[in-house]
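J.: Got a structure for you, questions after.
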Amino acid sequence: MMVAFQPVPAVIEAIDKKVADNHLFTFRLSESISVAPGQFVELSIPGVGAFPVSTAAHPGGATFQACIRRAGRVTAALYRLDEGANVGIRGPFGQGFPLAAFAGRDVLLVAGGLGMAPLRALLQALLGERGRVGEIILLYGSREPDAILFRDELEGLAAAGTIKVRYSVDFATELPWSTDAYVCRIGLVTELLRDLRFAPAQTVAAVCGPPSLYGCVLEDLARLGIDPERIYATLERRMQCGVGQCCHCVTAGVFVCSQGPVFSLAELRRLPGSI
Ligand SMILES: Cc1cc2nc3c(=O)[nH]c(=O)nc-3n(C[C@H](O)[C@H](O)[C@H](O)COP(=O)(O)OP(=O)(O)OC[C@H]3O[C@@H](n4cnc5c(N)ncnc54)[C@H](O)[C@@H]3O)c2cc1C
Ligand code: FES
C-alpha cells in the first residue's frame, strides 16, 4: 500500500446536517485516493490541525465521505467551514476489514452511535458484491431516534428486503416503532442479540462503536458460536502520524494505526488491555 505523507488538497463539496453534531461531509480531492472500509485518513484544516477519520463510503476515489462528530478544537473548526472551503487529506492508513473473509457467509453488523459510519462503508462494499455474501443483519444502537445516522438509507434497504435492520435507542419520547422491515426497541444494542435468529457457524461479524460496546458484545458473539477469527472490531486510539512512527497509538505492543485499526477478536484476546 502506498502511504502519502503530503496531504492531497481537497474542498468541502457538500455537508449533510441531518443529525446534529454528526454531519456527513463530502470532500472532493484534487487526486483520487482509495480508502477501503475500516481504513482512515488524517483530515487537516490549514492553520488549525488534523485528526483521524474513517471513510463512511465505498468506493471513494475522487471523493471522500466521512461522518464527523463535533468533538473538540479541530472538528469545531471544520464545523465553522462552508462548502467550497479548502482542507487536506492524507492517507489511506491502516488495515481495513478483510473483505475476502465475508465472501460466501452471512454478515452480522453491530454498530453503536458513530460506529455506524465505518460500517456504512463496509455495508456499501458488501452490497456492491451482493451475490458474494448471504443474509446481512444490522444491529444499531443510538442514544435516541434523532441520533440515528443514515436512517433513510438503512430503512430503504430494509424495506427493499436487502438487509434486516434492528435498532435500539437509549430513550425515546414516543414508543419505539417497528414495521415489517425493521424494528426498534428501547435498551442496549447488546439486548438485540437475545432473540436474534441467525446461523452463527456461517456468520462473519463486524462491530464498531464506543469502547463500552466492545467490553461485552465481542465475547457475546463468540459465546453465540461465531468463530473469534471471524469477529472483527475497529479500535480507536489517539493517533498522530498514522504510519507507525510516533508511538501515540501503541497498545499492548501493537501499532493500532498501521497493524489495525481493524482486528479480529482472536487477535484482540492476545492484546491485553486493548478492549
Ligand atoms: C482510526 C480513527 C477513526 C476515527 N473515525 C472517526 C469518524 O469517522 N468520525 C469522527 O467524528 N471521529 C472519528 N475519530 C475520532 C476523531 O479522530 C476525534 O474525535 C478527533 O480527533 C477530535 O479532534 P478535535 O481536535 O476536534 O478534538 P480534541 O480537542 O483533540 O479532543 C476533544 C475530546 O475528544 C477526545 N478525543 C480526541 N480524539 C480521540 C480519540 N481518538 N479517541 C478518544 N477520544 C478522543 C479528547 O480527549 C477530548 O476529550 C476517529 C479516530 C480514529 C483514531
Ligand atoms: S499514530 Fe503514530 S505510531 Fe500510530
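The values are calculated or read from the model by the stated rules, or taken from the named source; none is laboratory data. These numbers were taken from a predicted model, which means no experiment stands behind them. Note that each Cβ is placed from the backbone with ideal geometry, even for glycine, and that neighbours are counted across all protein chains shown. These accessible areas exclude ligands, DNA and RNA; they are computed on the full protein's heavy atoms, side chains included. Shrake-Rupley method; radii C 1.70, N 1.55, O 1.52, S 1.80 Å.
J.: Can you name the number of the only condition in (1) at pLDDT 95 or above; (2) surrounded by fewer than 19 Cβ atoms within 10 Å (Cβ to Cβ); (3) over 28 Å from LEU193 (Cβ atoms) that MET1 fails?
T.: Single failed check for MET1: (1).
J.: Mind checking which residues of segment 37-59 are open to solvent by 40 Å² or more (accessible area, probe 1.4 Å) and assigned to a loop (DSSP other than H, G, I, E, B)?
T.: Scanning segment 37-59 gives PRO46, GLY47, VAL48, HIS58, PRO59.
J.: Just the residues that are of a type outside the set (S, T, N, Q), in contact with a strand residue (DSSP E or B) (Cβ under 7 Å, 6 or more places away or on another chain) and open to solvent by 40 Å² or more (accessible area, probe 1.4 Å), please, taken from segment 83-112.
T.: Listed by number, the residues that qualify are GLU83, GLY84, ARG90, ARG105.
J.: Shifting gears a bit: Residues that are touching a residue at least 60 places away in the same chain (Cβ under 8 Å), touching an Asp or Glu at 6+ places or on another chain (Cβ under 6 Å) and under 20 Å from LEU126 (Cβ atoms): does segment 206-224 have at least one?
T.: no
J.: Now for a separate question. Whether any residue in segment 226-241 is in contact with a Lys or Arg (Cβ under 6 Å, 6 or more places away or on another chain), at pLDDT 90 or above and either under 30 Å from ASP152 (Cβ atoms) or within 14 Å of ligand 1 (Cβ to nearest atom) (or both) is what I want to check.
T.: Within segment 226-241, none of the residues are in contact with a Lys or Arg (Cβ under 6 Å, 6 or more places away or on another chain), at pLDDT 90 or above and either under 30 Å from ASP152 (Cβ atoms) or within 14 Å of ligand 1 (Cβ to nearest atom) (or both).
J.: OK, next. So, of the residues in segment 196-215 that are part of a strand (DSSP E or B) and among the aliphatic types (A, V, I, L, M), which turns out to be surrounded by the fewest Cβ atoms within 10 Å (Cβ to Cβ)?
T.: Here the answer is VAL207.
J.: Okay, moving on. Take the residues in segment 129-149 that are open to solvent by less than 30 Å² (accessible area, probe 1.4 Å) and free of Cβ contacts under 8 Å to residues at least 40 places away in the same chain; name whichever of them is nearest to ALA101 (Cα to Cα).
T.: Per the stated criteria, the residue is VAL133.
J.: Would you pick out the residues in segment 62-77 that are in a strand (DSSP E or B) and either basic (Lys, Arg) or open to solvent by less than 20 Å² (accessible area, probe 1.4 Å) (or both)?
T.: Listed by number, the residues that qualify are PHE64, ALA66, CYS67, ILE68, ARG69.
J.: Next question, about the same structure. Can you tell me which of (1) within 8 Å of ligand 1 (Cβ to nearest atom); (2) free of Cβ contacts under 8 Å to residues at least 60 places away in the same chain; (3) closer than 18 Å to GLY115 by Cα is the one ASN22 doesn't meet?
T.: Every condition holds for ASN22 apart from (2).
J.: While we're on this one: Check segment 252-269 and report whether any residue there is open to solvent by less than 10 Å² (accessible area, probe 1.4 Å), modelled with pLDDT of 95 or more, of a type in the set (Ser, Thr, Tyr) and away from ligand 2 (no atom under 16 Å from the Cβ).
T.: Yes.
J.: Continuing with this model, one more query. If I filter segment 91-142 down to residues being basic (Lys, Arg) and modelled with pLDDT of 95 or more, which single residue comes out as nearest to ligand 1 (Cβ to nearest atom)?
T.: My answer is ARG120.
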